[in-house]
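A quick write-up on the structure given underneath.
The values are calculated or read from the model by the stated rules, or taken from the named source; none is laboratory data. Values in this document were obtained by computation on a predicted structure and should not be read as measured data. Cβ sites come from the backbone with ideal geometry, for glycine too, and all protein chains shown count toward neighbours. Keep in mind that these areas ignore ligands, DNA and RNA; they rest on the heavy atoms of the full protein, side chains included. Shrake-Rupley method; radii C 1.70, N 1.55, O 1.52, S 1.80 Å.
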Amino acid sequence: MKLRTKIHIFTTMLMLVLIVIVNIGVYKLYEQLSIDTEFKQLVLRGEELVTTFNQFQEVSDPNMVLRTYIPSNGAIHVINDNGIQITSVESPLYEPVEFQNGSNEQFAIKEVKGIPTIMIELPSIWTDGNVVNFQLIQPLNDLAYNRDLLKLILIAVTILVAIPIILSNMVLSSIILKPLDKLNQVMRKSSTSGTYEKIDESIAGKDELAEIGRTFNHMMEALETNYLKQQQFVSNASHEFKTPLTVIDSYAKMLLRRGFTNEKIANEALSAIVSESNRMKELIEQMLELAKNKEHVSLNIEKINFSKLLENITLQLKQAYNLDFELQIEPSLTINTDEQRLKQLLYILLDNARKYSDEKIILKTMVENDYVSVAIQDFGVGIQEDQLPHLFDRFYRVKEDRNRKTGGTGLGLAIAKELSDLLHINIKVESEVNVGTTFTLMVPINFSDRNEVDSQ
Ligand code: ADP
């Protein structure tokens, strides 16, 4: 059964059941209140009758007195101590109803042929001085008539109300489910055509269904972007591998042809093969790093001496490449972070500064509120402004650098971006061609604090 039909049936049934319950309640209440009123009036009548009998002990014709108090269409029976009827008076339209005599039941009600009949018994002194019970019986014809009329009215009201309820529920369920139908159609189209379809209607509102539509569109956008990025990545990767493989292939062939007779050529070929295979190794390592699922990496967050870390890194690079560093580092900066990953990030940026400049490199720290900013400034080739937004894309290399012998892969900054996201570090770049480049990292002092704020 379709969800639309289920909702329709459920809400309609629920409303109808509620209406029927309310109507039955109204009917029963009316009936009970009316019977109570009739009982009270009959008791009053009976009490008056008893008073009359008590006042006039010497009643010559008791039946005449009884007749004065006869309920409309009813009867009065006089019953002695033994439960035997001594006398009775009945109105001409009275239809006899059997009540148990002398059962000490003071009130009773019986329904005969659809007409409720009430009875009360009151004790009194009879003309002969004995105690008797006056049994007053009254059929409630008016009540029966009104009750039937009310029943008809309530049935008619239920039917009249049911029609708009059924119609409105039909409209309501289709209003609710229309966006879901649309969503279903779009999803089916996406899965059969392999495209990333989006919903174009009913997403402008503020309700939950419009929210689902928007979330769906965002999800599709994210999937499409990821798919395109993946495609781009695969085509870039194969392109990047092609160059070193071609170089290795041609040098290996040259080595086969002439390498055994010419030592110079053999040396040239072998060093080219070694260099290109190293480049491929580096490329593969970087690609593996990027392929790691960053969602599930576990960080080793600990308190570290940031100033010491910066000093050590620069010292190592100074020794390896004979670089000129100018350090403007505040002493004893302590932060909470994953030391190894932060080191990896700093290496990438410092290595770039080294690769793309021959001048000194300035490393400067500054404490600002809840983070330490670290600026890595070089005075090298710089980057054109229009290239800056793409710098962190995978395999992106500034055009001029593609032909340079720096031998980059274009993956370093993509890894740097992922590492900085992982460590909640904000990364900024400012550059001017032929003046230099400054990468600034905003490193949170307390990683976990930032983390909690982020997740709030
Ligand atoms: P690569 O391995 O090519 O260096 P990166 O992702 O690290 O890859 O850098 C991407 C590009 O950004 C580089 O090709 C280079 O052109 C440019 N770049 C990165 N850092 C600097 C810098 N400090 N100065 C000038 N250009 C830079």
3J(HN,Hα) from dihedral phi, the stretch 383-389, Karplus parametrisation 6.51/-1.76/1.60, rounded to Hz, x for glycine, proline: 10, 5, 4, 5, 8, 4, x
Could you give the nm distance between label points at ALA266 and PHE107, where each point is 7 Å from its Cα heading toward the beta carbon? 12.5 nm
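Note the full-extension length gain between MET15 and SER277 as 0.36 nm times their separation in residues minus their Cα-Cα distance, in nm to one decimal.
Values: separation 262, 0.36 × 262 = 94.32 nm, distance 7.67 nm.
Taking 0.36 nm per residue and subtracting the Cα distance, the gain is 86.6 nm.
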Measure nothing fancy, just the Cα-based angle from helix 3-55's long axis to the longest principal axis of the chain, in degrees from 0 to 90, nearest 10. 30 degrees
Here, the stretch 89-244 modelled as identical Cα point scatterers in vacuum has Debye log10 I(q)/I(0) at q = 0.11, 0.14, 0.18 Å⁻¹ of -0.74, -0.91, -1.10
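DSSP loop chymotrypsin sites (Phe, Trp or Tyr not before Pro) in the stretch 211-247 with at most 12 other Cβ atoms within 10 Å of their Cβ, which ones?
Numbers: sites: PHE216, TYR227, PHE233, PHE241; in loops: none.
Filter output for the stretch 211-247: empty list.
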Calculate the length of the line joining the C-alpha centroid of the stretch 229-249 to that of the stretch 58-83, in whole Å. 118 Å
Compute the separation of the alpha-carbon centres of the stretch 89-159 and the stretch 262-312 and state it in Å as a whole number. 105 Å
Helix 263-291 sits at what angle to the longest principal axis of the chain, using alpha carbons and giving 0 to 90 degrees rounded to 10? 20 degrees
The stretch 1-104: trypsin sites (Lys or Arg not before Pro) in DSSP loop, at most 10 other beta carbons within 10 Å: LYS2
For the stretch 3-155, evaluate the Debye formula with one uniform point scatterer on each Cα (no solvent term) and list log10 I(q)/I(0) at q = 0.18 Å⁻¹, rounded to two decimals. -1.03
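To one decimal place, what orientation-averaged projected area in nm² is obtained for the convex hull of the Cα set of the stretch 296-455? Numbers along the way, then the final one.
Numbers: hull surface 38.3 nm².
Result: a mean projected hull area of 9.6 nm².
Assuming R0 = 30 Å, can you tell me the calculated FRET efficiency for the pair ASN141 and PHE56, based on Cβ-Cβ distance, to the nearest 0.05? Don't skip to the end; give the middle numbers.
Working: r = 32 Å, r/R0 = 1.06.
Computed FRET efficiency for ASN141 and PHE56: 0.40.
Measure off, as a whole percent, the carbon and sulfur share of the 1.4 Å-probe accessible area of the stretch 24-79, all protein chains present. Please report the intermediate quantities before stating the final value.
Details: 1880 of 3250 Å².
It is 58 percent, rounded to a whole number.
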Sequence order, the stretch 209-222: Karplus ³J(HN,Hα) from phi using 6.51 cos²θ - 1.76 cosθ + 1.60, θ = phi - 60°, Hz rounded, Gly and Pro as x, gives 5, 5, 4, 4, x, 5, 4, 4, 4, 4, 4, 5, 4, 5
With an 8 Å Cα cut-off and a minimum separation of 6 or more residues, compute the relative contact order for the stretch 296-455 in percent. 25 percent
For the stretch 208-291, evaluate the Debye formula with one uniform point scatterer on each Cα (no solvent term) and list log10 I(q)/I(0) at q = 0.12, 0.16, 0.18, 0.26 Å⁻¹, rounded to two decimals. -0.55, -0.74, -0.82, -1.13
Rounded to two decimals, the Rg over Rh value of the stretch 157-252 from Cα coordinates and the Kirkwood Rh reads 1.42
Per the rule of 0.36 nm per residue minus the C-alpha distance, extending VAL43 to THR334 adds in nm 95.2 nm
List the pairs from LYS303/LYS355; LYS360/LYS428; LYS242/LYS343; LYS2/LYS206; LYS229/LYS308 whose alpha-carbon separation is above 29 Å, in the order I gave them. LYS303/LYS355; LYS242/LYS343; LYS229/LYS308
Report ³J(HN,Hα) in whole Hz for each residue of the stretch 65-74, in order, from the Karplus equation J = 6.51 cos²θ - 1.76 cosθ + 1.60 where θ = phi - 60°; Gly and Pro get x. 4, 4, 4, 4, 9, 5, x, 4, 6, x
So how tilted is helix 412-422 from the main axis of the chain? Cα-based, degrees 0 to 90, rounded to 10. 30 degrees
Accessible area (Å², per residue) of the stretch 296-455, counting only protein heavy atoms and a probe of 1.4 Å: 52 Å²
Quote to one decimal, in nm, the extra length available between HIS390 and ASP351 on full extension: 0.36 nm per residue of separation minus the C-alpha distance between them. 12.1 nm
If you roll a 1.4 Å probe over the stretch 296-455 with all protein chains in place, what percent of the accessible area is carbon or sulfur? 44 percent
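So what is the calculated 222 nm ellipticity per residue for the chain, using -39500 (n - 2.57) for each DSSP H run with n of 4 or more, over all residues, to the nearest 500 deg cm²/dmol?
Details: 10 runs with 246 residues, N = 456.
Only helices count here, giving -19000 deg cm²/dmol.
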Positive end of the charge dipole of the chain (Lys, Arg +1 and Asp, Glu -1 on Cβ, about the Cα centre): tell me which of ILE9, SER72, ILE348 has its Cα farthest that way. ILE348
Accessible area of the stretch 208-291 with a 1.4 Å probe: how many percent of it is carbon plus sulfur? 61 percent
Using +1 on the beta carbon of Lys and Arg, -1 on that of Asp and Glu, and nothing else charged, what's the dipole of the chain about the Cα centre, debye to 20? 2800 debye
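Solvent-accessible area per residue for the stretch 67-209 at a 1.4 Å probe radius, Å²? Don't skip to the answer; put the middle values down first.
Numbers: 8680 Å² over 143 residues.
I get 61 Å² per residue for the stretch 67-209.
Grab the stretch 3-155 and count how many Lys pairs have their alpha-carbon atoms under 24 Å apart, sequence gap of 8 or more, or different chains. Walk me through the numbers before you get to the answer.
On the way: LYS28/LYS40; LYS28/LYS110; LYS28/LYS113; LYS28/LYS151; LYS40/LYS110; LYS40/LYS113; LYS110/LYS151; LYS113/LYS151.
Eligible lysine pairs with Cα atoms under 24 Å apart amount to 8.
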Would you compute, for the Cα atoms of the chain, the largest minus smallest coordinate along each principal axis and list the three values in descending order, in whole Å? 159, 55, 38
